[in-house]
Amino acid sequence: QLQNYLIDNANIVNLALSGRSSKSFTEEGNYQELKSQIAEGDYVIIGFGHNDEKVDKPNVGVTLEQFEANLREYVELVKAKNAFPILLTPIARRKFDEGKLQDTHGDYGNIACALAQKVKVPCIDMRKVSNELLSELGEESSKKLFLHLENGHVNYPEGVTDNTHLNEVGAKRIAELVARELKTQKIALSSYLK
């Protein structure tokens with residue numbers, strides 16, 4: 001959805017894969033594609049965290065220290081290609097308790113921006129801005145951004161209640177927040193915004 005906020009000759013290549021962590025992504029073909037396709041002057045948006053925090057699942061979960069080390073490797077890979085990394089924290093999950101949005105990421109939500117300061121690259125705190133969005137919408141209205149589908153949907157015949165993954169409306173709102181933050185922080189990629 002971020003493509004909608006960029007000028008026509010800015011090309012987005014989305015290599016994200018659902019369910020992957022900073023660890024498990026490196027074991028698949030999209031990581032090899034990333035390594036081979038980064039060109040000088042590219043901007044590479046790096047966002048992990050939702051699955052890294054699942055330490056009970058050894059194929060994806062990592063310690064806080066390993067999460068930081070993995071993100072650092074991605075940053076170094078991008079910099080080595082004379083390209084520009086941009087780190088993102090994970091977006092908020094939709095979890096409310098007595099009408100108040102709960103933080104589900106713990107310290108994993110802090111790693112990307114803390115590392116960004118150390119290695120001097122930009123970071124967009126998506127946890128913060130998505131928390132603000134969901135809190136503003138509230139418990140009921142925020143459902144319209146996530147996969148809350150009734151029985152009979154073509155992709156979910158039995159319906160689904162998913163408070164982690166966005167629907168198209170939610171993806172557009174999150175892309176809007178990314179575009180806003182690129183501009184607010186004066187990150188160089190913002191020169192490609194419409």
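The values are calculated or read from the model by the stated rules, or taken from the named source; none is laboratory data. Quantities reported herein were computed from a predicted structural model and do not represent experimental measurements. Here Cβ is always computed from backbone atoms with ideal geometry, including for glycine, and neighbour counts include all displayed protein chains. Surface areas here come from the heavy atoms of the whole protein model, side chains and all, with no ligands, DNA or RNA. Shrake-Rupley method; radii C 1.70, N 1.55, O 1.52, S 1.80 Å.
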Pairs over 20 Å Cα to Cα, from 144/183; 143/186; 23/54, come to 144/183; 143/186
Equivalent-ellipsoid semi-axes of the chain, from the Cα gyration tensor, Å, largest first
27, 20, 18
Heavy atoms of the protein only, probe of 1.4 Å, neighbouring chains included. What is the accessible area of residue 36 in Å², nearest 10?
90 Å²
In nm, what is the difference between 0.36 nm times the number of residues separating residue 167 and residue 63 and their Cα-Cα distance?
34.5 nm
5 Å is the cut-off here: which amide hydrogens, built 1.01 Å from N in the peptide plane, fall below it relative to residue 167, excluding neighbours closer than 5 in sequence?
146, 147
For every other residue with a beta carbon closer than 14 angstrom to the beta carbon of residue 124, add +1 if it is Lys or Arg and -1 if Asp or Glu, then tell me the sum.
+1
Which listed pairs, of 172/194; 118/172; 95/118; 57/95; 35/128, have C-alpha distances above 19 Å, in listed order:
118/172; 95/118; 57/95; 35/128
Segment residue 154-residue 55, length gained on full extension (0.36 nm per residue, minus Cα span):
32.3 nm
Could you do me a favour and compute the accessible area per residue for region 105-191, 1.4 Å probe, result in Å²?
56 Å²
To the nearest 10 square angstrom, what accessible area does residue 5 show with a 1.4 Å probe?
70 Å²
Per residue of region 137-148, what does 6.51 cos²θ - 1.76 cosθ + 1.60 with θ = phi - 60° give for ³J(HN,Hα)? Whole Hz please, x for Gly and Pro, Karplus curve as stated.
5, x, 4, 7, 5, 5, 4, 5, 9, 10, 6, 10
Say each of residue 16 and residue 114 gets a label point 7 Å from the Cα, pointing the same way as Cα to Cβ; how far apart are those two points in nm?
2.3 nm
Can you tell me, using C-alpha contacts under 8 Å and at least 6 residues apart, the relative contact order of region 90-194 as a whole percent?
24 percent
Amide H contacts of residue 46 (H built 1.01 Å from N, under 5 Å, at least 5 apart or other chain):
86, 87, 88
Dipole magnitude of the chain about its Cα centre, charges +1 at Lys/Arg Cβ and -1 at Asp/Glu Cβ only, in debye to the nearest 20?
560 debye
Spelling out what I want: for every residue of region 20-34, take phi, set θ = phi - 60°, compute 6.51 cos²θ - 1.76 cosθ + 1.60 (Karplus), and round to whole Hz; glycine and proline get x.
8, 10, 4, 7, 5, 4, 5, 9, 10, x, 5, 5, 4, 5, 4
Listed residues 72, 180 arranged by accessible area, highest first, probe 1.4 Å:
180, 72
